[in-house]
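All of the numbers you see were taken from the coordinates with simple rules; none came from a lab. This is a predicted model, so every value here is computed, not measured. A quick note on method: Cβ atoms are made from the backbone with ideal geometry, for glycine too, and the neighbour counts reach across all protein chains shown.
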Amino acid sequence: MTLRHLDNPSFPPALVAPGPTQVPPEVLEVMARPILHHRSSLFREALRAVRDGLQEIAQSEYPVLLLTCTGTAAMESAVVNLARPGAGAAVVAAGYFGERWVELAELYGLDVVPVRYDWGAVPSPADLEEALRRRPDVRTVYLVHSETSTGVVLDLKAFTEVAKSAGALLVVDAVSSFAAVPIETDAWGIDVLITSSHKALMTPPGLAFLFLSPAALEAAGEGSQPRFYLDWARNLATQVGTDPETWFSPAVSLVTGLEQALRMIEREGLDAVYSRHISLGRRCRAAVKQIGLELFSPDDDSAAVMTAVRMPEGVDSSDVVQAMHDDGRVAIGDGEAKLKGSIVRIGHLGYVAEADVDRAVRALGSAVESLSATSKPRLSTGMG
């Protein structure tokens, strides 16, 4: 059996997707070192460093809960720890991952109050305010900060103000926005902030994190759903304090790799990191328009995480993604669910440089041109 990705180290294409993202060589080198024992003082030191680095990015002093899982499991933990069957919960849904909140909340028996939009629309805080006015019994709001299926990043501070005014807990999926877009967790009053390792944190998939406010922890203590591995109280019992450990056996090498990634972010400086993401977003949007394609995601600096691009009539996005992978050796994201076939998604978060964005857009132009009907106008692949 031949495995191209194992037998030929040069085979994997450049990864310019909205996740997982490219991993810096410095992080890969640390992860390749001999594994630490997860009950050792060295690993506890790594846990402390990771916790401190994450709190700096989140602008938070809340306890940080580490789970060995992806962001979806952390989302599920935010439902299972807070949910009381039959209780009202508002969900802002404007894409694939907003609908995931709906599905999770319904699965655990919540009375979901959806605040729905067409996929690609920018949610309005006024709509949430109206929904909470109609349903004053709602005490939890779930939303996605950066909707990775569409490229829309909502005004998180404004939504937090609406939830707080209504006396509701706010639970935020910040998986793709964390370390790419500024977030002030404590100052804004976010109760649960969720992220994971494989986006702007520049580490492979497998770690998820939750920042938990005192109000969220109090509500979790009153929750009635059974839980074990995802139980916040069990996990926090060992992870807080100056000598932290995980309750379970963690993904040790991912933790040490993330420690190195956080050092890189600290050296660059958060303001510079955020400015870099804005600059890359501008570059990507300009290049896409230059080759004659239309944006699906917003054409402004809110779209600092990824750029979604509409496909011309008669061109299937799945074919474009495959052609880019095989011919251009560039990996980007296809559309999710009902957007599959109609858009592609270029990620410019984490360990991405201008050259990566340029290469991705050139490959996109070439793939679309080759797949377009001969009667269609030819696309220019010049980058200027």
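Observations on the structure shown:
- Taking a sphere under 12 Å around the Cβ of H37 and counting the other residues whose Cβ falls inside, with K and R at +1 and D and E at -1, yields a net charge of +1.
- Förster-model FRET efficiency, 45 Å R0, E266 and R134, C-beta, rounded to 0.05: 0.50
- If R0 is taken as 22 Å, the Cβ-Cβ distance between D358 and D327 corresponds to a FRET efficiency of 0.85.
- Each Lys or Arg adds one and each Asp or Glu takes one away; over the other residues whose Cβ falls under 14 Å from the Cβ of R234, this sums to -1.
- Contour minus Cα-Cα distance for E218 and S370 (0.36 nm per residue): 49.0 nm
- Remark: relative contact order (the range 1-154) = 18 percent; criterion is Cα-Cα distance under 8 angstrom and separation of 6 or more residues.
- Spatially, the range 43-99 and the range 277-355 are offset by 28 Å when compared through their Cα centroids.
- Cβ-placed point charges (K, R +1; D, E -1), dipole of the range 33-265 about Cα centre in debye, nearest 20: 480
- Helical contribution to [θ] at 222 nm, DSSP H n ≥ 4, -39,500 (n - 2.57), averaged over the chain, rounded to 500: -12500 deg cm²/dmol
- Estimated inter-spin distance, Q59 and A73, nm [label 7 Å along Cα→Cβ]: 3.1
- For GluC sites (Glu not before Pro), the sites in the range 268-339 that DSSP calls loop and that have at most 10 other Cβ atoms within 10 Å are E313.
- Length gained when the stretch S41-E294 is fully extended (0.36 nm per residue, less Cα-Cα span): 85.8 nm
- Counted charge near L132, where neighbours are those whose Cβ lies closer than 13 Å (Asp, Glu -1; Lys, Arg +1): 0
- Those aspartates and glutamates that a straight Cα-Cα span of less than 14 Å connects to K289, excepting residues fewer than 8 apart in one chain: D299, D300, D358
- Projecting label points 7 angstrom from Cα along Cα→Cβ for Y274 and K164 puts them 1.7 nm apart.
- Contact order normalised by residue count of the chain, Cα under 8 Å, 6+ apart, percent: 23
- Residues in the range 312-319 carry Karplus couplings, in order, of x, 4, x, 10, 8, 4, 5, 5 Hz; the curve used is 6.51 cos²θ - 1.76 cosθ + 1.60 with θ = phi - 60°, and Gly or Pro positions show x.
- Computed E for D52/L28 - FRET, C-beta separation, R0 22 angstrom, nearest 0.05: 0.45
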